[in-house]
1. Does the stretch 168-177 hold any residues that are surrounded by 18 or more Cβ atoms within 10 Å (Cβ to Cβ) and not hydrophobic (A, V, I, L, M, F, W, C), and which are they?
2. State all residues of the stretch 685-709 that are assigned to a loop (DSSP other than H, G, I, E, B) and of a type in the set (Val, Ile, Thr); if no residue qualifies, say none.
3. Considering each of 72, 154, 103 in turn, give the residue that is within 30 Å of residue 326 (Cα to Cα), open to solvent by 40 Å² or more (accessible area, probe 1.4 Å) and not aromatic (Phe, Trp, Tyr).
4. Considering (1) crowded, with 24+ Cβ neighbours inside 10 Å; (2) over 22 Å from the mean Cα position of the chain (by Cα), say which one residue 380 fails and leave the rest.
5. In this structure, is residue 561 more than 16 Å from the ligand (Cβ to nearest atom), at pLDDT 95 or above and touching a Pro at 6+ places or on another chain (Cβ under 8 Å)?
6. Give the residues of the stretch 351-390 that are in a helix (DSSP H, G or I), within 16 Å of the ligand (Cβ to nearest atom) and charged (D, E, K, R), sorted by residue number.
7. Kindly indicate which of 505, 477, 531, 472 is more than 16 Å from the ligand (Cβ to nearest atom), outside the structural domain of residue 237 (by TED's automatic domain parsing) and under 26 Å from residue 28 (Cβ atoms).
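The values are calculated or read from the model by the stated rules, or taken from the named source; none is laboratory data. Note that the coordinates shown come from a computational prediction; the quantities given were computed from them, not determined experimentally. Here the Cβ positions follow ideal geometry from the backbone for every residue, glycine too, while neighbour counts run over all protein chains shown. Ligands, DNA and RNA are stripped out before the accessible areas are found, and what is left, the full protein with its side chains, is counted by its heavy atoms. Shrake-Rupley method; radii C 1.70, N 1.55, O 1.52, S 1.80 Å.
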Amino acid sequence: MTATTLAIGQPTDRVDGRHKVTGGAHYSADVLLVGMTYAVMVGARVPSGRITHIDTDEAMQAGGVLAVLTHENLPGAAAQPPLIPSLAGMPAPGQTFFPLQDEVVHYTGQPVALVVADSLERAQHAAALIRVSYQEMPAVTTLDQGRDDAYEPEAIFAGFVPGRTERGDVEAGLAEADVLVDATYSFAANNHNPIEPSATTAAWDGDQLTLYDATQGVTATQLTVAALLGLTPSKVRVISHYVGGSFGCKAMIWAHPALAALAARHVGRPVKLSLTREQMFTSVGHREEQEQRVTLGADKKGRLLALRHHKLSPTSHFDDWAEPSLGVASQIYACPNYEGVYRLIRANTMTPTFMRAPGEASGMFALESTMDDLAHELGIDPIELRLRNYTDTDPTTGNPWSSTGLRVCYERGAERFGWHRRDPEPRSHRDGNWLIGYGMATAGYPVYGPNNPQRARARLYSDGTAVVQAATPDFGTGVATVMTQVAADALGLPFERCRFEGGDTTLPTIAAAVGSSGAGMISAAVHTAATNLRDQLIAQATADSQSPLHGADPGTVTVRDGRMMLRDAPETGESYGDLLHRNFLPDVEAAGSWSPSAESTRYGMTTFGAQFAEVAVDPDLGLARVRRMVGAFAPGRVLNPKTARSQLMGGMLWGLGQALLEANYMDPRRGRWVASSLGDYLVPVNADAPEVDIELIDVEDAFVNPLGVKGVGEVGQVGAAAAIANAIHHATGRRIRKLPITIEDLL
Ligand code: MOS
């Protein structure tokens, strides 16, 4: 291609930006349908027990009420599908428990009634009139309450991660070590809290169901609701044009879309079910409370000889779910002897779920805090210690990395941050009353490939514009923008003449964009479809006796600005539009399908990065302020540096939140979450946000997918909290082994 400016790699503004800031974007709860009704979910007020009676009389008599659904009158779910991560392209319920089927209460907030009325206010009023009586039973809701009854599951994370992993001989490695560090870390539970609460609008037309759902994957919603209702998937259409953030809480499909569908069928009118902010703490999963113990053994030079990493966490009564905290932490350094074990506690909570960097963020906090201890103990610079343990292969398989860039990340990050100015002695930097600390940590996040083929379609119109389609919604990542860029380059069209359509199950099927896989897997399908279309048009031109390209070898034809031409004689050619026009074709389209190559399984695939933080601590007031964060990341090919940077900055700020602010706790006596609003659950706001400096390091990766895209969605959070805690240690000499780190910890 001789094109001067390619769309890929440009810091293009978001194509949906204007709609979002002007209110033109319509979210799932904004949908207005004729005859709309409104549902309100009523949650259990006890963590464990049985419903002995539900008095719905008063609610039924309230104005505008169309139905009150409880376990006594809600039709049963046809089938509860097994728990499978939504990326797999199968039904993906958030938990293998569907509410309103019997009188048993498993957790506070479990839906026990659904009220449908002709306005939201009337539904809310009627919901307040429902009286539920319970026979309460003892509950376990915290890690401490269940500690003694923990068990070792065969597998976690919906069966995808083994409960125990070993390599080498960890006991022997520890016995051989010159230095041992053994530390236990505790983590508060976290909630996702996107701006847009989850919502579904459901409407039936005969036996055809349409759902407007806030989701990371329309197909995931379609397949899950179809399974629960006993419908064939093609009878369920899911539309999700705009999604106001997710962070993982819209990755799995919770009960509310199916409940909205059942209610709509019951009342014979469209039903809108929007979760309240409070319900976002009890209805869409959470990052579980957890404890991790890390035991490191190293020689005098700091080379790791053994790593033992154990995790203990509460899960629901239904599913063996834990976020895979031991994953990346077991892969990031060369270490011959390893043992990772998950232990679970049956608790009266819902099943935990994905939350931004699910497992990677907590596991790397524990490992990277312990590595910082090791560096301190041996008097080795923290970056040097990590370089001494650098690995060119994935230690869990022995396979080479498909690409790394990690050494460059350390180098560039250290330079941008000014790491050389750091005196290794704790409490050696001051700014007035503030103690200043510098900390760093490694970041890593796996590159996930989908199980099913990913499909897209590209269509060129006779006016020379094109549309590419794939079912994925854009939940704030910028995917619609970058896919437009990908299509433009593959078709040889200017960006402005292309657009992307997604968020609808009538479009080609694509898996839910979870696990930072969106840019890689969707670009693979879009690139394939658009390339197929270009090749089809070139073939048509060279076969067309009216075309100036007639008889040319298609391999010698290139396209720029929508004009097909001979590479060596650019004056010979014609535009796509001319070809279509002459042949009376309003449009031409092609499909594309992509699956990860068999070759890719012979490589370890991880996005690497390095995180740096400068923190100021006021020891008298216990205040910790993050002054600067620097991240250097090597995410393969960067499709759009603006949206990529925005993703990474978001991740780093979530890391700040995880480090210093975000926490939810169970009240151990009442079995309820203490935080149920953004007043109680703190997230970073602008006043907390420091300068965040990001360097993107382009590395070539020939194995992950056609464009070599490794993803930037979550790696920005990994290591960020550890860099901050390590900076706090450097500032104060105190090692805080819990998240979040609060004022009490620093006094
Ligand atoms: Mo993301 S938390 O893997 O949906």
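1. The one that is surrounded by 18 or more Cβ atoms within 10 Å (Cβ to Cβ) and not hydrophobic (A, V, I, L, M, F, W, C): 173.
2. 685, 697, 699, 704, listed by residue number.
3. Testing whether each residue is within 30 Å of residue 326 (Cα to Cα), open to solvent by 40 Å² or more (accessible area, probe 1.4 Å) and not aromatic (Phe, Trp, Tyr) leaves just 154.
4. Result: residue 380 passes all but (1).
5. Yes, satisfied.
6. The one that is in a helix (DSSP H, G or I), within 16 Å of the ligand (Cβ to nearest atom) and charged (D, E, K, R): 360.
7. 505
Per-residue answers, yes or no, for (1) aliphatic (A, V, I, L, M); (2) open to solvent by less than 40 Å² (accessible area, probe 1.4 Å):
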| position | (1), (2) |
| --- | --- |
| 340 | no, yes |
| 389 | no, yes |
| 395 | no, yes |
| 400 | no, no |
| 414 | yes, yes |
